[in-house]
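Quick notes on the structure that follows.
The values are calculated or read from the model by the stated rules, or taken from the named source; none is laboratory data. Just so we're clear, the structure is a prediction, and the values are computed from it rather than from any experiment. Glycine gets a Cβ as well: all are built from the backbone with ideal geometry, and neighbour counts include every protein chain shown.
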Amino acid sequence: NRKERATRKKEDIQRLRTLVDNALKVDPRIARFKEEDKLKRNAKRNAQEEEAKRLAEEKKAAEEAAKKAVENASMMEEEQKKARQQAHKQLKKEQRALKLAFKSLNFFAPAGATPSDADIAVATEKLDKITAAKNDADALVAIRTELEAAHAAGNGSATLDDIVSKL
């Protein structure tokens, strides 16, 4: 009898346990409670993961910004280099144009006369002084046009001496 009671008690407890388990599975309040409990337990880990993710994103953004800054700096440097090269080209072009102007203006010798070697040497020395003093293409253009206009007016040599004395 005692043995049967113990067996029935075990069966009844097992039946109640399955009934309670089934009720707990179906009840949304219990599921919500378990989910909240799970979230609380995992909150620390989730926070650490989110922090690591945020730090990784910030690091990536900083690396991209640094890469972009280096790229922009190199582009600016390249543009500046091109501008310097262009300015240097323009300066050399104007120096050649000024030299050709000296030759075409007969080295500022009197009209109809052939310049002597001494006149050519003096004019070349003045040309060298002008090109050494003026490192700006616009200034050389202004000097060349002024000399051409003065030579056309007949006082090119005096204008050349005046320009050289102002340097």
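Odds and ends about this structure:
- Every residue from the stretch 102-133 that is buried (at least 17 other Cβ atoms within 10 Å of the Cβ) and in contact (Cβ under 8 Å) with a residue 24 or more places away in the chain: Phe102, Leu105, Phe108, Ala123, Lys126, Leu127, Ile130, Thr131
- Residue in the stretch 65-84 that is under 30 Å from Ala121 (Cα atoms), at pLDDT 90 or above and either aliphatic (A, V, I, L, M) or surrounded by fewer than 10 Cβ atoms within 10 Å (Cβ to Cβ) (or both) present: no
- Tally of residues being under 20 Å from Ala97 (Cα atoms), assigned to a helix (DSSP H, G or I) and basic (Lys, Arg) across the stretch 108-167: 3
- Top-ranked residue in the stretch 135-147 [being without any contact (Cβ under 8 Å) to a residue 12 or more places away in the chain and under 38 Å from the mean Cα position of the chain (by Cα); ranked as nearest to Leu167 (Cα to Cα)]: Ala139
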